[in-house]
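The values are calculated or read from the model by the stated rules, or taken from the named source; none is laboratory data. Since we're looking at a predicted model, the values are computed, not measured. Ideal geometry is used to build each Cβ from the backbone, glycine not excepted, and the neighbour counts take in all protein chains shown. The accessibility values were calculated without ligands, DNA or RNA, using every heavy atom of the protein model including side chains. Shrake-Rupley method; radii C 1.70, N 1.55, O 1.52, S 1.80 Å.
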Amino acid sequence: MKIHSLPLILLAFCTCGLFAQTDTSFYSVVAKDKITGAQKIWKTGSNEYHYTYHYNDRGRGDSLATTLHTTDDRLILSETISGVDYFKNSYSESFTVVGDSAIWTVNGTRKSKPFKNASYLSSEAPTFWECLIPWTLQQPAQRATLLPDGFVHLDAPLFRSFSLQGKTQKLLLYPVYFEPEPAPTYIWMTDDMHFFASINAWTSCISKGYETWTDTLLSIQETAGQKYYVAELNANSKPLAHLLLLNHCNVFQSSTATVLKDMSVEVVDGKIASLFPTSSTIEHPKPDTTIDCKGKFLMPGLWDMHAHYGKEEGVKYLAGGVTHVRDMGNDNIILTYKKQIEENKLLGPDLTYLSGFIDKEDPFQGPTGAIIKSLSEGIAAIDDYHRRGYQQIKLYSSITPAWVKPLAAHAHESGMKVCGHIPAFMTAEQAINDGYNEITHMNFIFLNFMSNTIDTRTPARFRMVGDHGGELDLKSKKVRDFVQLMKAKHIALDPTLNVWQGMFDEFKGDTSHALKPIISWLPLSMLSGLSNQSPFGSEEQKKAYQAAFRNMLKMTKLLYDNGILLVSGTDGGEAIALHHELELYVQAGIPANQVLKIGTYNAALDCNLQNTWGSIAVGREADFILVDGNPIQNISDIRRVELVVKNKRMYQPRELLTRQGWKYY
Ligand SMILES: [Zn+2]
């Protein structure tokens, strides 16, 4: 259910020959080969631009109108934006330069800064590349200051010439760097310096009529980025010594949730060769590298069991001690990333377990994966995912309820598990009886008790739970019976509590709970986005929504007490959200040592990979993190990761984050 921000949807006014120019230029917003939105751009006067922009994402999506004034060299001097944001709440923003001050107002909150030759970036509307790129090219070293914060610089472009429909189009691919983030963003411009496209695996924006080009342009970007990513990996990690010895470790035994004190761990060629008390007098071979871990906590690497992985997330996942990710729905490009990470050509957690995403074609269809029109197409999609190496199937909200049983049966025949949203007009109980192995998101547990007539394709699947989730009696027979059904059928739950806290427990003026503990680490450019205000609850609804969230915590504990397998996933948010997800389990009443087991061993167990990963034991892969603290005494210590070892390489989170412009503990 990830709320995908659309970071690079581009807008442009174009006067180039390509568009058989009239006064207006048109672009398409494309998601999964489907046009989901559009933008229209026109110019009045020499330096006044206008654009409208909208897209539909399962009933959500921005709709905005913008007017800008610029200098002759396209520096923005004023901007007004109005419309609705992703969750259809009214949105307004303005920017203006008065004398030597820049003043901007977002939904009534006014801020200002001295102004000196800096380009303004809206916090909601897409970046106006049509101005930003030509203006930055004119700055010294092609580097420019941004407002509210940060810098942008451009690298030399790649040239590519394409032919389509008998026309030849020359394009420039610009690597754009938003400092301090080191990884490039790619923007396609025409050779006469007008915006052409911004391409991403999930959502792209491209000149109208060229929608079918997105896959080709994406693969060119991927190749262009390869050199950067290999260099990044080498600069940010080093190969493990042939024989690595860690002494004086407190070693977390994840399968039993216990700790062995003052132990030595011997790693030979990337595998755990032996585990013995550091005080032991038995002779061991001489190590190439020895690390003193006195007072520190060695545990298996964390797993994020609900990611929609993008390769730009790799650094922060590793810095937060996450060495494995289960992907829960993505473009097939995930297979390329998986292989590159396995071969140590791309920095990131192992993409250990992949869920093939399937939804039915529908106005509210999911934003990625296989979109089917019939049951037989669904069967074919399962076969296709199986052939490509995906291990499970994730069904989504628009699937016809009657298809669940045959789809699940077919997936099971291929040895694949079935998880997902509970399709609209169906309950979790029905989905379990029709073959689900795991339920994705806690809201579907609550919706189970609210009827099977709710159209959960729409944001009703959030609102119904926010409005009434607090009223559910967890001691009632219907709840007890349902928990017994989950138990009897070995149904796992991926609750994504951090998502529900963001929606139900954070209101106007609140700082995101997940970010609060690390505010002092963040670069300036992130400090404006700290408030993660619920898109739903008005001040009056606040009480009901917070009660719903508290009941979700209680339900989590109830399921844990009944032996239901919980898997910790974030649905976006990388390690930052995962650390908070684990904190929420402790808040729910689950002992911290058991929470660490959930984040490591149980995850591997759910993927049936517990004999390879998820524990520190002889014969297993060396896949662990050294924590400077004791997360059993204080779960929040999980944020103090000092060292990460995975896939025969070693990473230092402090270094990883410093290179991203972050501070650390
Ligand atoms: Zn998701």
Item checked: Directionally averaged projected area (convex hull, Cα atoms, region 109-221), nm² -> 8.3 nm²
Checklist line | Heavy-atom surface of the chain, accessible at 1.4 Å and reported per residue (Å²) | finding: 38 Å²
Check: Angle between the Cα long axis of helix 477-488 and the longest principal axis of the chain, 0 to 90 degrees, nearest 10?
Finding: 80 degrees
Next item on the list: Search the structure for amide H atoms under 5 Å from the amide H of Thr36, placed 1.01 Å from N in the peptide plane, and list their residues when 5 or more places away or on another chain.
Entry: Val29, Val30, Ala31
Check: Taking only Cα atoms, what is the 0 to 90° angle, nearest 10, from helix 333-342's long axis to the longest principal axis of the chain?
Finding: 50 degrees
Notebook entry, point to check: Using modelled amide H (1.01 Å from N, peptide plane; none on Pro or chain starts), what sits under 5 Å from the amide H of Gln253, excluding residues fewer than 5 places away?
Noted result: Thr258, Val259, Leu260
Note to self: Can you work out the Karplus-derived ³J(HN,Hα) for every residue in region 406-420? Use 6.51 cos²θ - 1.76 cosθ + 1.60 with θ = phi - 60°, whole Hz, and x for glycine or proline.
What the structure shows: x, 5, 5, 4, 5, 4, 5, 4, 8, x, 9, 8, 10, 9, x
Check: In Å, what is the Rg of the alpha-carbon atoms in region 190-229, and how long is Dmax?
Finding: 11.0, 32
Note to self: Can you tell me the orientation of helix 574-587 relative to the chain, as the angle in degrees between its alpha-carbon axis and the longest Cα principal axis, to the nearest 10?
What the structure shows: 50 degrees
Check: Amide H to amide H under 5 Å from Thr127: which residues, 5+ apart in sequence or cross-chain, H placed 1.01 Å off N in plane?
Finding: Ile9
Notebook entry, point to check: For the chain, what % of the accessible area comes from carbon and sulfur atoms, probe 1.4 Å?
Noted result: 52 percent
Check: Ignoring ligands and nucleic acids, what accessible area does Tyr560 show with a 1.4 Å probe (Å², nearest 10)?
Finding: 60 Å²
Next item on the list: Give the peptides 218-225, 444-451 in descending order of average Cβ contacts within 10 Å, highest first.
Entry: 444-451, 218-225
Checklist line | Relative counts (whole %) of C-alpha pair distances in region 7-219, using bins that are 5 Å wide | finding: 1, 7, 15, 19, 21, 18, 12, 5, 2, 0, 0
Check: Quick one: how many Å² of Arg654 are accessible to a 1.4 Å probe, rounded to 10?
Finding: 110 Å²
Check: Applying the Karplus parametrisation 6.51 cos²θ - 1.76 cosθ + 1.60 with θ = phi - 60° to the phi angles of region 321-328, what ³J(HN,Hα) value in whole Hz is obtained for each residue in order, glycine and proline being reported as x?
Finding: x, 8, 10, 9, 10, 9, 7, 10
Next item on the list: Using only alpha carbon positions, build the gyration tensor of region 611-665, then give the equivalent ellipsoid semi-axes as the square roots of 5 times its eigenvalues, largest first, whole angstrom.
Entry: 23, 17, 6
Notebook entry, point to check: Quick one: Cα convex hull volume of region 361-512, Å³ per residue?
Noted result: 126 Å³
Check: Along region 166-182, what does the Karplus equation 6.51 cos²θ - 1.76 cosθ + 1.60 (θ = phi - 60°) give for ³J(HN,Hα), rounded to whole Hz, x for Gly and Pro?
Finding: x, 9, 9, 10, 9, 10, 10, 9, 9, x, 10, 10, 9, 6, x, 4, x
Check: Once Rh for region 334-374 is found with the Kirkwood sum over Cα pairs, what is the Stokes-Einstein diffusion coefficient at 37 °C and 0.692 mPa s, in µm²/s?
Finding: 273 µm²/s
Next item on the list: Just the number, please: percent antiparallel of the DSSP beta bridges in the chain, rounded to the nearest 5.
Entry: 75 percent
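Quick check on the chain: helices-only [θ] at 222 nm, where DSSP H runs of length 4 and up contribute -39,500 (n - 2.57) each and the sum goes over total residues. Nearest 500, please.
Numbers: 16 runs with 166 residues, N = 665.
One gets -7500 deg cm²/dmol as the mean residue ellipticity at 222 nm.
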Note to self: Averaging the inverse of every distinct alpha carbon separation and then flipping it gives the Kirkwood radius. What is it for the chain, in angstrom units?
What the structure shows: 26.3 Å
Next item on the list: Report the convex hull volume per residue for region 300-658, counting only C-alpha atoms, in Å³.
Entry: 137 Å³
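What number comes out for the charge environment of Leu68, summing +1 per Lys or Arg and -1 per Asp or Glu over other residues with Cβ under 9 Å away? Mind dumping the intermediate values first?
On the way: positive: none; negative: Glu48, Glu79.
Cβ neighbours under 9 Å give a net charge of -2.
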